[in-house]
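The values are calculated or read from the model by the stated rules, or taken from the named source; none is laboratory data. Since the structure is predicted, the reported quantities are computational estimates derived from the model, not experimental observations. Here the Cβ is made from the backbone with ideal geometry for all residues, glycine too, and neighbour counts use every protein chain on show.
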Amino acid sequence: MPQDNELTFDEALEEEEEQLGPLITNRKIYTKQADAEVDGLYRKHQRNKLIVQPDFQRHFIWDGKKASRLIESAILDIPIPSIYLAEEQDGREYVIDGQQRLISFFSFIDGKFPDGKEFRLTGLKVLQELNTRSFKELDQHMQDKILYYKSRVITFTSESDEQLKFEVFERLNTGSVSLNNQELRNCIYHGPYIDLLRELSKEEDFRYLLGLHDPEKRMGDIELVARFAAFYHVTYLKYKPPMKDFIDNDIRMYRHLSDKDARALRSAFKTAISTIKSIFDKSAFKRYLRGDGDDHNGKWLARQFNKGLYDILMYTFAKTPKNRVYNHLDAIRESLLDLMTHDDSFINAIDKSTGSSEMVLTRFKIWEEHFEHLIGSTKEPRCFSSKLKEEIYRADPSCMICEQRIQTIDDAALDHIHQYWMGGKTIPENARLTHRYCNWSRSKSNRVEIIHVPEKTETRVHSRTLFLGNDRYPCKYAWEILFNTAEWLIQRNLLKAHDFPIQFPGSKRYLVNNNPLHANGKEFFAPKPLSNGLYIEVHAGTEQLLNNTYRLLEKFGVSRDRLSIEEDMKNAAS
Ligand SMILES: [Zn+2]
């Protein structure tokens, strides 16, 4: 049974329509046909000469009713579709089509299903009197009917062309439970490489990241390892759609891989999942959606596995030694969250048609560029650390644009106000917290640098002068405009010591109070003591600071026209 937190492997996510080329006719396929008794097949299976599916116990997906009706058909001597086998070099036969039917027969004879549950007939419509009976409880005649029931068996002999077999199997594969790509690969290319892929799919950390408890029934987990291996071996630069062929080619190429190649792949895979677990933990390979105009809060798509993200993260971290990323784990996580909420080309390249060349190339290129930038610099990156973000968030989780509460820290973006004021100094007064949505919707018209502060902004220094009535105040920082305005009001005896708290409509926060505490008891993030003993909260974005300044003036009956600001921009380098 699927667990609550289990991922869905959405087939719809699977790449664009795949086209099969025409069968090439100069290659040959050899078959033999026979009618085989269930008993004979059963014995062959017992002797390990007929392989239903490696790991087949876990891949039986029929329910009891369906299996029971097959037994009923046998007793009634109704024909069933042909069973297809492939004879291999090792002298064994592998089932290509007919797994579910054969497992049903074998399980009934054994008295139990592969999962250990008892097999008693159920849901029969014609032979109703047999419901609840097990094989042993049937009379001899009925048992014989089943054991000597014949089915047509078509066997592809071992000298057949492999590639061609694969194509033929694909076309055959139209039964009620068709084999998917990975199940087919498993049949045809079984050997050390498939064994390695299966081994890696069982890695504890890998299963943890995928949220899988048991092997995935349809081998989606093994296919993901194969997909990683293909990108790892071939690189995304040489990717050619469809994805299915890209993976097939890799498996064919490495079918008999050397121990050295196996070691390299195993080590790369383990490095990747270990790093990814450190950075993303349970949110690995999941999409983060920013909020929208109605609800500014963003959210994780916690149940949906994103193959595009999987491709780029596995690739990058398989090829980068862990010690190179060790100092940047938080920044890498922030950077990917930022891409998933701000970069529309990137979003497009992980959301839609993830198997097309253009989308593959786009998502790898954008990600690699960001990633290289993050870990490439030898200097301490000049960015707001996650620690600072956490501090600000803990002190006050309000969005500085819409003033509503930001529900989770992952949804909080740290916005730099550098280009307006300060030459990008990374100090709390220069940072504001916003919803990712709010930040994005603003940045559409006025692109704000979110994490990286370009080096050159350091050379720019702004100074500003605040004119209020006949007074002038030089202001180095944005908050000084608000602060000096409050002081100006105090000096004119307008803002008095008993004028607290001051709170504007629509804001949950106090602007002024007699102690540096907001209405909810939280401390002011950037309190400045005023000369009349009150405190003013100056932690806000520039626009909001100006807005509060005007509102404060108007609250005390002073027209906003009496205030003006002169900006002066100097180049510190010159
Ligand atoms: Zn907001």
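Structure values in brief
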{"item": "Qualifying residues in region 286-302 (those that are of a type in the set (Gly, Ala, Ser) and surrounded by 16 or more Cβ atoms within 10 Å (Cβ to Cβ)) - the one nearest to the ligand (Cβ to nearest atom)", "result": "Gly291"}
{"item": "Candidate set: region 95-117, residues that are at pLDDT below 95 and more than 15 Å from Trp62 (Cβ to Cβ); chosen: the one surrounded by the fewest Cβ atoms within 10 Å (Cβ to Cβ)", "result": "Gly116"}
{"item": "Single residue of Thr316, Thr271, Thr235 found to be more than 16 Å from the ligand (Cβ to nearest atom), modelled with pLDDT of 90 or more and at positive phi", "result": "Thr235"}
{"item": "Residue match in region 58-69 (condition: at pLDDT 65 or above, aliphatic (A, V, I, L, M), within 24 Å of Glu216 (Cβ to Cβ) and assigned to a helix (DSSP H, G or I))", "result": "yes"}
{"item": "Long-range neighbours under 8 Å by Cβ, at least six apart or interchain, first residue more than 15 Å from Glu543 (Cβ to Cβ) and more than 10 Å from the ligand (Cβ to nearest atom) within region 396-412, second basic (Lys, Arg) and part of a loop (DSSP other than H, G, I, E, B)", "result": "Asp396/Arg509; Asp396/Lys522"}
{"item": "Only one of Arg382, Arg363 that is more than 16 Å from the ligand (Cβ to nearest atom) and at pLDDT 85 or above", "result": "Arg363"}
{"item": "Any hit, region 547-569, residues being basic (Lys, Arg), modelled with pLDDT under 85 and assigned to a strand (DSSP E or B)", "result": "no"}
{"item": "Residue match in region 77-90 (condition: out of contact with any helix residue (DSSP H, G or I) (no Cβ under 9 Å at 6 or more places or on another chain), over 26 Å from Ser160 (Cβ atoms) and modelled with pLDDT under 90)", "result": "no"}
{"item": "Residue within region 236-252 that is closer than 22 Å to Asp97 by Cα and within 18 Å of the chain's Cα centre (by Cα) present", "result": "no"}
{"item": "Residue count, region 250-264 (criterion: part of a helix (DSSP H, G or I), aliphatic (A, V, I, L, M) and surrounded by 16 or more Cβ atoms within 10 Å (Cβ to Cβ))", "result": "2"}
